[in-house]
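Here's the structure we're looking at; comments come further down.
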Amino acid sequence: MELFDSHAHYNDEKFDDDRDTIIKEAYNSGITTIINAGYSLESSKKAIEIANQYKFMYATVGVSPNDIEDLKGNYIEDIEELAKSYKVVAIGEIGLDYYWNKENKEKQKEIFMEQIKLANKLDLPIVIHTREAVMDTIDILKKIECKKRGVFHCCPLNRELVKEALKLGFYISFAGPVTFKNSKNAAEIINLVPIERILIETDSPYLSPEPVRGTRNDSRNVKYIAQKIADIKGLTVEEIAKQTYKNAQKIFERKI
Ligand SMILES: [Zn+2]
């Protein structure tokens with residue numbers, strides 16, 4: 001069985017001691033494609049540098065709503081420059097986060113929109129981070145069409161958000177929280193999403209799924225997300241692995 005981890009952060013310092021070992025172990029255990037996600041200029045650069053070392057790893061570049069405060073100069077040009085790397089498959093993670101930052105909503109929106117425009121210019125999909133900002137996120141996506149669509153990464157288990165995201169043509173990526181015992185509506189939300197529109201991810205090193213919750217996460221744990229979706233959909237884990245792999249290949253189509 002081959003699995004596609006559509007969102008991980010091997011650019012995080014929590015992997016500094018054993019990054020190469022973990023990445024190789026993940027690959028050898030069947031995680032045969034990994035997207036290494038940037039969230040700031042620095043981490044995006046690092047995401048590409050790491051992806052360059054593995055033929056099965058790609059990268060996204062972008063600035064997340066939690067990393068906009070120290071942006072200076074023409075950051076859009078900087079992201080565009082990074083996106084020239086053939087390893088870059090999307091602009092992300094970008095979006096809105098009113099959980100961590102409530103004071104700069106207008107600035108968050110502006111930077112989200114600028115990066116969507118860049119994705120359109122470069123003909124790339126986007127990877128969205130959204131937290132406690134459902135309405136504003138949907139409003140923006142209705143206002144500016146994302147030509148290549150994209151993915152709601154670690155999608156919040158919110159019915160309205162998922163329905164609107166599907167209507168707009170986006171993919172829904174599920175992460176560790178769907179396995180948590182306190183995620184009461186995980187089954188309801190997973191059942192809302194057709195299997196052709198589901199991606200799976202770890203968001204490593206964060207959000208380890210059950211039964212390894214609380215430990216440092218890595219791509220090998222994506223199997224627990226696949227299993228959870230399989231149980232809810234009444235399918236085999238192999239079927240989920242195969243379909244989510246196909247979906248991820250479709251949305252992150254290579255530019256070369
Ligand atoms: Zn992330």
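When the helix-only estimate is applied to the chain (DSSP H runs of n ≥ 4, each -39,500 (n - 2.57), divided by the residue count), what is the mean residue ellipticity at 222 nm, nearest 500 deg cm²/dmol?
For the chain, the value works out to -12000 deg cm²/dmol.
Can you tell me the alpha carbon radius of gyration of segment 176-256 divided by the globular rule-of-thumb value 2.2 N^0.38 Å?
Details: Rg = 12.9 Å, N = 81, 2.2 N^0.38 = 11.7 Å.
Scaled against compact globular proteins, the figure is 1.10.
What's the long-distance tail for segment 108-181, i.e. % of Cα pairs beyond 20 Å?
It works out to 26 percent of all Cα pairs.
Remind me, what semi-axes does the chain give for its equivalent ellipsoid, largest first in whole Å, using sqrt of 5 times each Cα gyration tensor eigenvalue?
Result for the chain: semi-axes of 25, 22, 17 Å.
Go ahead and run the numbers for FRET between residue 56 and residue 103, Cβ-Cβ distance against an R0 of 41 Å, rounding to 0.05.
Result of the calculation: an efficiency of 0.55.
With a/c under 1.5 counting as rounded, go ahead and sort segment 10-51 into rounded, prolate or oblate using the C-alpha gyration tensor (a ≥ b ≥ c being the square roots of the eigenvalues; past the cut-off, prolate if a/b is larger than b/c, else oblate).
Oblate.
Given Cα positions, please report Rg to Rh for segment 61-138, the hydrodynamic radius being the Kirkwood one.
Here Rg/Rh amounts to 0.96.
Give me the percent of the accessible area of segment 183-256 that comes from carbon and sulfur atoms, probe 1.4 Å, all protein chains in place.
After summing per-atom areas, the C and S share lands at 52 percent.
Would you grab the residues whose amide H sits under 5 Å from the one on residue 10? Only those 5+ places off in sequence or on another chain, please, with H modelled 1.01 Å from N.
Under 5 Å from the amide H of residue 10: 37.
Which residue, 119, 37, 230, has the most motion in a Gaussian network model of the chain that connects Cα atoms within less than 10 Å?
Ranking 119, 37, 230 by mean-square fluctuation puts 230 first.
Where the Cα atoms of segment 44-88 are projected onto their three principal axes, how long is each span, largest first, in whole Å?
So the extents along the principal axes, rounded to whole Å, are 33, 19, 11.
Whole angstrom only: what separates the Cα centroid of segment 108-135 from the Cα centroid of segment 220-242?
What the calculation gives is 29 Å, centre to centre.
When a/c is below 1.5 the answer is rounded, else prolate if a/b is larger than b/c, else oblate, so apply that to segment 176-216 with a ≥ b ≥ c taken from the square roots of the Cα gyration tensor eigenvalues.
oblate
Would you mind checking which residues have amide H under 5 Å from residue 171's amide H? H placed 1.01 Å from N; only 5 or more apart, or other chain.
150, 151, 152
Return the loop-located GluC sites (Glu not before Pro) in segment 214-256 (DSSP other than H, G, I, E, B) with at most 15 other Cβ atoms within 10 Å of their own Cβ; answer none if there are none.
Listed in order of number, the matching sites are 253.
Taking Cα centroids, how far is segment 159-212 from segment 6-35 in Å?
21 Å
Using a 10 angstrom cutoff on alpha carbons, build the Gaussian network for the chain and name the most mobile of 57, 113, 135.
Its mean-square fluctuation being the largest, the pick is 135.
So, R0 is 35 Å and r is the distance between the beta-carbons of residue 32 and residue 80; what FRET efficiency does that work out to, to 0.05?
The computed FRET efficiency comes out at 0.75.
Starting from the Cα gyration tensor of segment 105-256, take the square roots of the eigenvalues, sort them a ≥ b ≥ c, and report rounded, prolate or oblate (rounded when a/c is under 1.5, otherwise prolate if a/b is larger than b/c, else oblate).
On the way: a/c = 1.71, a/b = 1.49, b/c = 1.15.
Since a/c reaches 1.5 and a/b is larger than b/c, the shape of segment 105-256 is classed as prolate.
Keeping every protein chain present and rolling a 1.4 Å probe, give me the accessible area per residue for the chain in Å². Don't jump to the answer; show the numbers that get you there.
Working: 11480 Å² over 256 residues.
For the chain, the solvent-accessible area averages 45 Å² per residue.
The values are calculated or read from the model by the stated rules, or taken from the named source; none is laboratory data. Only a predicted model underlies this, so the values are computations on that prediction, with no experimental measurement involved. Neighbour counts are summed over all protein chains in view; Cβ atoms, including those assigned to glycine, are modelled from backbone coordinates with ideal geometry. Ligands, DNA and RNA are stripped out before the accessible areas are found, and what is left, the full protein with its side chains, is counted by its heavy atoms. Shrake-Rupley method; radii C 1.70, N 1.55, O 1.52, S 1.80 Å.
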